[in-house]
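One structure is given below, encoded as C-alpha cells.
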Amino acid sequence: MNVRFAMMGRNYQLHGVPDEIELPDEAMLADALERFTTCLPDGERLPNTCLIAIGNDHLGTVASFENRRLRDGDEVILFVPVAGG
C-alpha cells in the first residue's frame, strides 16, 4: 500500500524525502513513521512534540501517539512545532 506524508509548520527543508512511501498491507502508523524517518537527511529527526494526524483524526505526538493500522492512500500529516513570535 502507499501512504502519503505532508509536513506543516516551520520552514522544514525535506530535499530528497519522498512524499509517498510504500508499506506492507498490514502496516501500522509506527511502521510508517519509522520508514519515513529513515528517509530524513543525516542527523535530522522528527521532534518529539511533532503532532501527528491522519485525515481529521489527531493521533498524538511523535513521543506518544495512537498506533493504528493504515489504509492504502492514507495521508499522515506531521505538524512541526513553531517557536518565536
Using the structure shown, decide if residue 18 is part of a loop (DSSP other than H, G, I, E, B), surrounded by fewer than 11 Cβ atoms within 10 Å (Cβ to Cβ) and modelled with pLDDT of 80 or more.
-> no
Subset of the stretch 39-60, residues part of a strand (DSSP E or B) and touching a residue at least 24 places away in the same chain (Cβ under 8 Å), comes to 51, 52, 53, 54, 59
Restricting the stretch 51-85 to residues that are surrounded by 14 or more Cβ atoms within 10 Å (Cβ to Cβ) and β-branched (Val, Ile, Thr), the residue that is farthest from residue 26 (Cα to Cα) = 80
Within the group 82, 76, 62, which residue is modelled with pLDDT under 95 and either under 11 Å from the mean Cα position of the chain (by Cα) or among the aliphatic types (A, V, I, L, M) (or both)?
-> 82
Going through the stretch 61-85 in order, the residues found to be assigned to a strand (DSSP E or B) and out of contact with any helix residue (DSSP H, G or I) (no Cβ under 9 Å at 6 or more places or on another chain) are 61, 75, 77, 79, 80
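The values are calculated or read from the model by the stated rules, or taken from the named source; none is laboratory data. Being a predicted model, the structure only gives us computed values, none of them experimental. Note that each Cβ is placed from the backbone with ideal geometry, even for glycine, and that neighbours are counted across all protein chains shown.
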